[in-house]
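The values are calculated or read from the model by the stated rules, or taken from the named source; none is laboratory data. Just so you know, these numbers come straight off a predicted model, no measurement behind them. All Cβ positions, even for glycine, are placed from backbone atoms using ideal geometry, and neighbour counts span all protein chains on display. Protein only, heavy atoms only, side chains kept; ligands, DNA and RNA dropped before computing areas. Shrake-Rupley method; radii C 1.70, N 1.55, O 1.52, S 1.80 Å.
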Amino acid sequence: MEMEQIQAYWTVLTDIYHYQIFPGGRDLGYDGWPMSDNRFALGDIDGDGSEELIVLYCTTSTSGHAEIIYDYYASAGGVREQFIEYPGVVHFDNGILKVDASHNHTLSAKIWPYTLYQYNAESDSYDVIAQVEAWDKEIRDTDYEGNAFPDDVDADKDQTVYYIMEADSSAQGVAVDGEAYDQWYETYRNGAGTISIPYLALTEENIAMLK
């Protein structure tokens, strides 16, 4: 990395560590717990050839917990927030991110509801592909509106159907069987592996190692 990029990331981490100040004025709150409970890492997460700064922030209320990805822009001499979501992000090496929801209010215990994102090289950010949830008949045979479980959709008879709410589709809330769900999911994962991120505790010593 160039010295200017290192300096920019060092400044971001120093401001978070000492003042809980985030780029762009974002306020995630602070609950007083040690800042070393938070984590950070550097890595080329999006595959654009340049290292991003990833911050896991948890020293706040649950609603403020976040994973944030920052990218450096030489033309601006600083960083831009590329992505922010609730922690629990699975990074795939083809630019796909799978983010579990903070809570599960669905009728399924088999899968946790999640959102799928895809890296957009043109905008250098992440676009929402879809939100996914499921319904297990063994939990309830009617939904919250009193609609019966769609047995006709459940072709494999495993008593689970899936709902894929794609961002660019008007066909929302349509149940599909497990085979259709698996085929849809694999069109995006496409055999990609997961990225292991070498996080460090957010301490003054680890921040200083950047320089």
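Quick look at the values:
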{"quantity": "The chain, relative contact order [Cα under 8 Å, separation at least 6], %", "calculated": "19"}
{"quantity": "Taking only Cα atoms of the stretch 31-142, radius of gyration then Dmax in Å", "calculated": "16.5, 57"}
{"quantity": "Most mobile of Ile96, Ile69, Ile139 in a GNM of the chain (Cα contacts under 10 Å)", "calculated": "Ile139"}
{"quantity": "Listed values (1) -0.29, -1.21; (2) -0.35, -1.15; (3) -0.39, -1.09, entry calculated as log10 I(q)/I(0) by the Debye sum over Cα atoms at q = 0.08, 0.17 Å⁻¹", "calculated": "(2)"}
{"quantity": "Percent accessible area from carbon and sulfur atoms, the stretch 66-211, protein chains only, probe 1.4 Å", "calculated": "48"}
{"quantity": "Length-normalised contact order for the stretch 87-211 - Cα pairs under 8 Å, 6+ apart - percent", "calculated": "21"}
{"quantity": "Mean Cβ neighbour count within 10 Å, used as a protection proxy, ranking 74-80, 16-22 highest first", "calculated": "16-22, 74-80"}
{"quantity": "11 Å beta-carbon shell around Ala192, net charge (K/R +1, D/E -1)", "calculated": "0"}
{"quantity": "Residue-count net charge about Gly88 - beta-carbon cut-off 11 Å; Lys, Arg +1, Asp, Glu -1", "calculated": "-2"}
{"quantity": "Computed accessible area, Met209, all protein chains, 1.4 angstrom probe, square angstrom", "calculated": "130"}
{"quantity": "10 Å beta-carbon shell around Asp151, net charge (K/R +1, D/E -1)", "calculated": "-1"}
{"quantity": "Å² per residue, accessible surface of the chain at 1.4 Å", "calculated": "52"}
{"quantity": "Phi-based couplings in Hz for the stretch 2-16 (Karplus 6.51, -1.76, 1.60; Gly and Pro marked x)", "calculated": "6, 4, 5, 5, 4, 4, 5, 5, 4, 5, 4, 5, 5, 5, 5"}
{"quantity": "Sequence-distant lysines (8 or more away, or on other chains) whose Cα lies within less than 28 Å of Lys157", "calculated": "Lys98, Lys110, Lys137"}
{"quantity": "Residue among Val89, Val99, Val153 with the largest mean-square fluctuation in a Gaussian network model of the chain, springs linking Cα atoms under 10 Å", "calculated": "Val153"}
